[in-house]
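The values are calculated or read from the model by the stated rules, or taken from the named source; none is laboratory data. Every value quoted in this text rests on a predicted model; they were computed, and no experiment measured them. We place every Cβ from the backbone using ideal geometry, glycine too, and count neighbours over all the protein chains shown. To get the accessible areas, we keep the full protein, side chains included, count just its heavy atoms, and leave off ligands, DNA and RNA. Shrake-Rupley method; radii C 1.70, N 1.55, O 1.52, S 1.80 Å.
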Amino acid sequence: MIVLIKYRVLDKNIRKIVDSLRKLPFIKEIVFYSGEKSSISANNYKIWEEGSDLNPIDEIYDVKILELTRRMYFPACG
């Protein structure tokens, strides 16, 4: 999984989130990008943005579940 962290200023909150993300084994790469508004995306799913009450770690697991279900094969009966 590739995580894109767009930041305005690297404050304590974003650093705490990055430290938590680095501990997850399925995150392959973390990319930092300077922008106008802080946000975090994982595999093109926006999971957190500045001013949001969502927990980015919980949202990362939701993205992981979505990716796994997308890869599953469900045979159809006819």
* **Val31 loosely packed, with under 14 Cβ neighbours inside 10 Å and β-branched (Val, Ile, Thr)** => yes
* **Identity of the residue in the range 37-46, farther than 18 Å from Leu10 by Cβ and not aromatic (Phe, Trp, Tyr), that ends up surrounded by the most Cβ atoms within 10 Å (Cβ to Cβ)** => Ala42
* **Residue check for Ser39: among the polar types (S, T, N, Q) and within 12 Å of Ile60 (Cβ to Cβ)** => no
* Inspect all residues belonging to the range 60-74 and state whether any of them is open to solvent by less than 90 Å² (accessible area, probe 1.4 Å) and either in a loop (DSSP other than H, G, I, E, B) or touching a Leu at 6+ places or on another chain (Cβ under 8 Å) (or both). => yes
* Give the residues of the range 16-41 that are in contact with a helix residue (DSSP H, G or I) (Cβ under 7 Å, 6 or more places away or on another chain) and under 9 Å from Ile5 (Cα atoms), sorted by residue number. => Ile30, Ser38, Ile40
* Filtered residues of the range 23-43 (kept if in contact with a Leu (Cβ under 8 Å, 6 or more places away or on another chain) and either of a type in the set (Asp, Glu) or in a loop (DSSP other than H, G, I, E, B) (or both)) -> Ile27
